[in-house]
Amino acid sequence: MELTTKFRGSDILELQNFYLASVDDIASVHAKAYVSGLEKAMDQASEKGLILIEGSGPTYATSTTFHESLVAAGAGLALVDSVVAASKNQLDPPTAFALIRPPGHHAIPKGPMGFCVFGNVAIAARHAQRVHGLKRVFIIDFDVHHGNGTNDAFLDDPDIFFLSTHQDGSYPGTGKFDEIGIGAGEGATLNLPLPGGSGDTAMRTVFYEVIVPCAQRFKPDIILVSAGYDGHVLDPLASLQFTTGTYYMLASNIKQLAKDLCGGRCVFFLEGGYNLDSLSYSVADSFRAFLGEPSLAAEFDDPAILYEEPSTRVKQAIQRVKHIHSL
């Protein structure tokens, strides 16, 4: 409750009355035929109430889905604009968080996938390049599922580095170690599938041994984050052991990384999270990290439900990706 503009107006700003993403914005990542086809499908959704959108995975739509998806993408663009503007006037600009639905990192260029309609992070990355001249965009995706849509959007682009950590073998089955980009973009995609049971210790090691050196070498102009909270130990769709404290650590460290490397320009985008309690506590603790306040994870996390992490397999995975990418 206290983490709202009502109680923290001097610390937390809420963007309102921003523009919807335009068709041209969406078309910077997605095929125009897909965008127009989805808009036309809204008439059918109005008649039936709920429709299945044909695509590569389960995605459903109601009569408002097209509009809501433009709002979600537009929120990301507005936050990029705000962060860039703030970075010109402040030594420590605020970190932004797009609390949006639908999520986006599974949406592929030609269609929807996995409950995702438009690639919010991917669209924001192109916006940062085209509108603000921020050539080098570093994307971190710590959702439990591989961000295949974002991955595919930038496979051959050397100026957008996509780094995904996700549970090995989880939906949609992509994101293998050897998926490193193609052509000019070879080496600008890093996928690190973690074994089930990986938790806080694993992710801390990943951050310092993989994420930090990658970002330092890439020298980004802005950092965008696909923030999925479905790696939480209480989340029903996977079997990682992240805690609320893990997400606090990630939020705090990524904010600092952006401050060190790109003038503090950083925007988080909400992706997955299917246990409402762990999702809400973890997002709130991310906000506390942004504000430089102590974590309240101990009020929610229960160490008794955690079990030993597969440290040997985690180490092997990290060493493998470090070898592939010469880290």
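A short reminder: the numbers here are calculations on the coordinates, not readings from a lab. Keep in mind that this is a model prediction, so the values were computed, not measured. All Cβ positions, glycine included, derive from the backbone under ideal geometry; neighbour counts span all protein chains shown.
Could you check segment 234-327 for helices (runs of 4 or more DSSP H) lying wholly inside it with 1 or more residues that are touching a residue at least 40 places away in the same chain (Cβ under 8 Å), in contact with a Gly (Cβ under 7 Å, 6 or more places away or on another chain) and buried (at least 18 other Cβ atoms within 10 Å of the Cβ)?
244-262, 276-291
Which of the residues that make up segment 106-145 are assigned to a loop (DSSP other than H, G, I, E, B) and under 15 Å from A27 (Cα atoms)?
Within segment 106-145, A107, P109, K110, P112, V117, F118, G119 qualify.
Among the residues of segment 215-232, which ones are surrounded by 23 or more Cβ atoms within 10 Å (Cβ to Cβ), assigned to a loop (DSSP other than H, G, I, E, B) and more than 13 Å from the chain's Cα centre (by Cα)?
Correct list: P220 only.
Tell me, yes or no, whether segment 177-184 has at least one residue that is under 17 Å from G272 (Cα atoms), among the hydrophobic types (A, V, I, L, M, F, W, C), in a loop (DSSP other than H, G, I, E, B) and in contact (Cβ under 8 Å) with a residue 60 or more places away in the chain.
Checked against the condition, which is being under 17 Å from G272 (Cα atoms), among the hydrophobic types (A, V, I, L, M, F, W, C), in a loop (DSSP other than H, G, I, E, B) and in contact (Cβ under 8 Å) with a residue 60 or more places away in the chain, segment 177-184 yields no hits at all.
Could you say whether any residue in segment 32-48 is more than 25 Å from R130 (Cβ to Cβ), buried (at least 19 other Cβ atoms within 10 Å of the Cβ), of a type in the set (A, V, I, L, M, F, W, C) and in contact with a Pro (Cβ under 9 Å, 6 or more places away or on another chain)?
Looking through segment 32-48, none of the residues is more than 25 Å from R130 (Cβ to Cβ), buried (at least 19 other Cβ atoms within 10 Å of the Cβ), of a type in the set (A, V, I, L, M, F, W, C) and in contact with a Pro (Cβ under 9 Å, 6 or more places away or on another chain).
Determine which member of the set F207, F162 is aromatic (F, W, Y), touching a helix residue (DSSP H, G or I) at 6+ places or on another chain (Cβ under 7 Å) and either part of a helix (DSSP H, G or I) or surrounded by fewer than 23 Cβ atoms within 10 Å (Cβ to Cβ) (or both).
Testing whether each residue is aromatic (F, W, Y), touching a helix residue (DSSP H, G or I) at 6+ places or on another chain (Cβ under 7 Å) and either part of a helix (DSSP H, G or I) or surrounded by fewer than 23 Cβ atoms within 10 Å (Cβ to Cβ) (or both) leaves just F207.
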